[in-house]
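Written below as structure tokens is the structure these notes are about.
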Amino acid sequence: MQVTTSGSSVRMPVCLQQPQSDGTFELSTVHHPASELSFYADINKLGQVKRLRSWLERKVLSTVALVPREVMAPEEVEPAATQRAADIVASAKRVTGLSVKDLTSVFRVSRQTLYNYRKSQETISDRNWMRLEAVDREISKLSEILPYSPGSLAKHFKFEGHTLVELLSAPQLDTQSIQRLAHELAGQLSASRQHAKAHNQTSIDQLTRHA
Amino acid sequence: MMPANPLLSQAPLIHVVAQVHFSELPPLEESVLEGLHRRLVEAGFPERVDANLDHVEWSVQVSADNEPQQRVRRIQRVVFKGAGQRRLVEVRQDRLLLKTTDYSGHEAFLAELNEVMRIVADVLPGFDKGLLHRLSLRYVDLVVPKPGEKLRELVSEALLPPPLPDVGGSPLFGSTVKVVDTGMGRHLRVMFEEVQPEEGRLTKVLPDDLLEHVRSCGLSITAQAHWANMKGVYGLLDIEHVHIAEDTPAVGDVDKSEVFRQLHEKTYRAFWGVITDEARRSWA
């Protein structure tokens with residue numbers, strides 16, 4: 001499970017952080033990009049490119065300049081960024097058990113777009129990135145609460161008047177409500193599992209009684 | 001001779017990069033890369049990852065009306081990773097890099113670098129005959145105050161960006177840089193970034209040009225316990241010593257090991273010169 005910072009826009013590049021089983025954590029040299037609209041994009045690479053452009057436009061000489069294209073806008077780094085989108089969708093599917101059709105409302109994109117995310121084939125707008133990251137933060141927390149994926153319960157189990165898929169599909173994600181529902185759902189799932197275990201054991205006992 | 005300084009059990013060093021930059025070789029053929037891979041497996045870099053880097057290229061012709069033209073150049077790189085996600089060798093047509101997040105001292109690092117350079121010279125056709133452009137050694141320290149400490153107590157005041165008390169507002173980011181000519185075609189750059197955590201967590205931990213954006217090429221960094229719950233601003237100390245081979249000798253004609261040793265000496269002095277006694281006690 002990765003830890004990512006929350007917030008509606010990513011102001012700075014943020015390193016991936018991986019909790020370890022012994023309670024420690026590790027950082028990574030891999031970073032999420034800053035949002036193209038962030039102050040960091042303005043003062044940093046965007047500013048450098050603008051200064052370069054301004055210098056070139058003085059037409060002092062014919063030149064070729066190489067500027068490292070650091071990641072400031074997600075859609076510029078196609079291979080890594082779209083792989084991340086595919087990872088986020090895969091994680092959401094695994095944790096919730098929801099179908100691609102149901103996940104379209106969660107990610108607020110068309111089914112085709114979601115399939116393209118999964119195949120790392122989509123150029124992703126800043127708005128869609130924000131949604132992907134916001135959902136991923138919720139899914140991350142859900143994975144800590146739910147003992148296993150709820151599947152159809154995500155669409156049918158209601159708490160405080162809402163199902164999990166309804167809460168995850170809201171334009172603004174309400175973390176508190178999602179987590180309260182998740183805890184209730186976790187209770188349901190654990191109870192179901194206990195019941196199934198007891199039932200299976202009873203069946204086994206019956207089947208083997210006269211062995 | 002380098003001044004003696006105490007070993008730091010909680011050293012803030014998180015990333016070290018040694019780089020050999022040479023004239024561009026012909027595209028690396030698969031058979032050569034396979035041979036390199038076999039040799040690097042024996043040297044402790046068994047995992048091969050093929051990736052790319054994107055560089056934006058601007059060009060302009062001298063005329064009244066032409067706009068600068070932009071295109072993206074995709075540069076091939078091959079990465080060979082060691083066990084534990086702590087070290088890697090990166091090979092490009094014009095560059096060889098050794099990166100580590102688990103630095104155990106200059107002698108060990110230099111020994112490993114020498115081994116890698118020897119392997120690359122043996123396997124890559126034309127490497128030793130290529131022209132050397134630059135050698136560089138770079139150290140990145142993550143200066144995170146412990147509870148009760150402040151960043152300004154750990155590094156020289158000269159490194160810190162202006163506090164701007166009369167402006168008010170909340171600081172977002174700050175940086176300072178100094179470049180020094182150290183002679184023999186070398187320069188040493190010290191850059192310091194003042195970074196705000198977000199929601200109690202670290203944000204960027206590397207300078208922008210060292211940020212990795214391809215997961216499979218990333219390295220892990222062991223975090224210190226107090227990095228988990230950040231209360232205030234932290235710093236990135238980036239020290240790079242660069243040797244520019246102005247006469248572009250053949251790569252094989254340069255005693256690269258000796259150059260790296262000399263580069264290290266000044267970066268070592270620079271580091272100890274910008275941290276405070278408080279920092280030495282805190283990290284001891």
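The values are calculated or read from the model by the stated rules, or taken from the named source; none is laboratory data. Here the structure is a predicted model, which means the values were calculated and not measured. We place every Cβ from the backbone using ideal geometry, glycine too, and count neighbours over all the protein chains shown. For the accessible areas, the whole protein counts, side chains as well, though only heavy atoms, and no ligand, DNA or RNA atoms are used. Shrake-Rupley method; radii C 1.70, N 1.55, O 1.52, S 1.80 Å.
Pairs meeting the criteria (first residue in region B:152-167 and under 13 Å from B:VAL190 (Cα atoms), second residue open to solvent by less than 40 Å² (accessible area, probe 1.4 Å) and assigned to a helix (DSSP H, G or I), beta carbons under 9 Å, at least 6 apart or on different chains) are B:VAL155/B:VAL274; B:VAL155/B:ALA279; B:SER156/B:VAL274; B:ALA158/B:VAL274; B:LEU159/B:VAL274; B:LEU160/B:LEU151. Just one of the numbered conditions (1) under 17 Å from the mean Cα position of the chain (by Cα); (2) open to solvent by less than 60 Å² (accessible area, probe 1.4 Å); (3) more than 30 Å from B:ALA51 (Cβ to Cβ) is not true of B:ILE239: (3).
Just so you know, in region B:210-233 the residues that are over 13 Å from B:HIS15 (Cα atoms), at the interface with chain A (Cβ under 7 Å from one of its Cβ atoms) and not hydrophobic (A, V, I, L, M, F, W, C) include one that is least open to solvent (accessible area, probe 1.4 Å), and it is B:HIS213. Screening B:GLY168 against (1) over 30 Å from B:ALA51 (Cα atoms); (2) surrounded by 14 or more Cβ atoms within 10 Å (Cβ to Cβ); (3) more than 9 Å from chain A (Cβ to nearest Cβ) leaves a single unmet condition, (2).
Output the residue which, of all residues in region A:100-128 that are in a helix (DSSP H, G or I) and in contact (Cβ under 8 Å) with a residue 60 or more places away in the chain, is farthest from A:HIS31 (Cα to Cα). For region A:100-128, the residue satisfying everything is A:ASP102.
Out of (1) in contact (Cβ under 8 Å) with a residue 40 or more places away in the chain; (2) within 22 Å of B:ASP253 (Cα to Cα); (3) away from chain A (no Cβ under 14 Å), what's the single condition that is false for B:HIS133? Of the numbered conditions (1) in contact (Cβ under 8 Å) with a residue 40 or more places away in the chain; (2) within 22 Å of B:ASP253 (Cα to Cα); (3) away from chain A (no Cβ under 14 Å), the odd one out for B:HIS133 is (3). Each residue in region B:271-284 was checked for being open to solvent by 20 Å² or more (accessible area, probe 1.4 Å) and part of a helix (DSSP H, G or I), and 8 pass. Here is the figure for region B:171-194: residues that are under 16 Å from B:THR267 (Cβ atoms) and open to solvent by less than 30 Å² (accessible area, probe 1.4 Å) total 5.
Taking region A:12-32 as the range and being at the interface with another protein chain (Cβ under 7 Å from one of its Cβ atoms), open to solvent by 20 Å² or more (accessible area, probe 1.4 Å) and assigned to a loop (DSSP other than H, G, I, E, B) as the test, only A:THR24 passes.
Every condition in (1) modelled with pLDDT under 85; (2) open to solvent by 60 Å² or more (accessible area, probe 1.4 Å); (3) more than 7 Å from every other protein chain (Cβ to nearest Cβ) is met by A:LEU61 except one, and the failing one is (3). For region B:112-133, the candidate set comprises residues that are in a helix (DSSP H, G or I) and among the charged types (D, E, K, R); within that set, the residue that is nearest to B:LEU33 (Cα to Cα) is B:ASP122. Look at (1) modelled with pLDDT of 95 or more; (2) farther than 19 Å from B:LYS99 by Cα; (3) open to solvent by less than 80 Å² (accessible area, probe 1.4 Å) and you find that B:ARG38 fails only one, number (3).
Any residue at all in region B:71-87 that is part of a strand (DSSP E or B), surrounded by 15 or more Cβ atoms within 10 Å (Cβ to Cβ) and at pLDDT below 80? Yes, that holds for at least one residue.
Of all residue pairs spaced 6 or more apart or on separate chains, none has beta-carbon atoms under 6 Å together with a first member in region B:170-185 that is over 21 Å from A:ALA34 (Cα atoms) and a second member that is open to solvent by 70 Å² or more (accessible area, probe 1.4 Å) and assigned to a strand (DSSP E or B).
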